[in-house]
1. Please sort 122-134, 105-117, 68-80 by packing, taking for each peptide the average over its residues of neighbouring beta carbons within 10 angstrom, highest first.
2. Scaled to the compact-protein estimate 2.2 N^0.38 Å, what is the alpha-carbon radius of gyration of region 1-47, rounded to two decimal places?
3. Taking the DSSP beta bridges in the chain as the whole, what percent of them are antiparallel, to the nearest 5?
4. With both bridge residues required to lie in region 1-132, what share of the DSSP beta bridges run antiparallel, to the nearest 5%?
5. Starting from the Cα-Cα distance between residue 15 and residue 27, subtract it from 0.36 nm times their residue separation and give me the gain in nm to one decimal.
6. In Å and on Cα atoms, what radius of gyration and Dmax does the chain show?
7. At what distance in nm do the modelled label points of residue 228 and residue 53 sit from each other, each positioned 7 Å from its Cα along Cα→Cβ?
8. Which semi-axis lengths, in whole Å and largest first, follow from the square roots of five times the eigenvalues of the Cα gyration tensor of region 1-123?
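Nothing in this text is a laboratory measurement; each read-out follows from the coordinates by a stated rule. The structure presented is a predicted model; accordingly, all values stated were derived computationally and were not measured. Note that we place each Cβ from the backbone using ideal geometry, even for glycine, and neighbour counts take in every protein chain shown.
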Ligand code: C2E
Ligand code: MG
Ligand code: MG
């Protein structure tokens, strides 16, 4: 019964997503979450996060709709729309905060089946954004399953000089060989790992060892999912370069983001 309900729900969401893509991305939105430099406590950038409001079910989580976008290939137009939107907003914010950087999540489907590099460079030309203004986030599991096209994507990204952040670190089995090969600028520690580390000594020890290793490989760390001051007190001892979490700010729409995090500076 539940499985059947789930099946019907997915089917309805799929139809709505297709419809939204066909109608100029209506009901899609981009939220922004602040990324904080731990030394200065200043805003240094944001992560752009896709949102979708279903006419039937209300706002649904990307954890639910991103896989449907990927299955149907709709992630390609939707991801392109989202990237343009986020880069446009990034160049607006840089008029006030010149060093501001926008992190954009790219799915494996986009990386292997569309020309993301071309999309990004076209948008950079249009907006006049410099290379360092954009960070591409790829998940660890996507990287481990990389195919030929995606390898090409990674080489091109490197050649152009666009920074890579490795997302979801600590959720799978981390393979350190590809880390030293790929040299992402930033490793993002997933919230599930952060939550375990603040609750459990062993996990904290493990995270501490990972952080030391990542720093020894000359990469930067962004710890995600900090929700409280107590959590922050523990996590800051690990000396990450960046941090992101509800404690600093929840993802929100552009206007609110500017009002809360950009203008008061
Ligand atoms: P992610 O890239 O790791 O993004 C971080 C997620 O953690 C976001 O969830 C954010 O709202 C949440 N988060 C941040 N700080 C906290 C905290 O302190 N507490 C809690 N409980 N959560 C926190 P969101 O927006 O639901 O996105 C989930 C995932 O969906 C993302 O994980 C990313 O993998 C994917 N996603 C979102 N937007 C896009 C997109 O445009 N393209 C692609 N390919 N994937 C996307
Ligand atoms: Mg991300
Ligand atoms: Mg993440």
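1. Per-residue Cβ counts within 10 Å, averaged per peptide and sorted highest first, yield 105-117, 68-80, 122-134.
2. On the way: Rg = 18.4 Å, N = 47, 2.2 N^0.38 = 9.5 Å.
Dividing the Cα Rg of region 1-47 by 2.2 N^0.38 Å gives 1.94.
3. In the chain, approximately 40 percent of DSSP beta bridges are antiparallel ones.
4. Just about 75 percent of them are antiparallel.
5. 3.0 nm
6. Expressed in Å, the Cα Rg and Dmax of the chain come to 18.5, 54.
7. 3.2 nm
8. Three semi-axes, in Å: 30, 17, 13.
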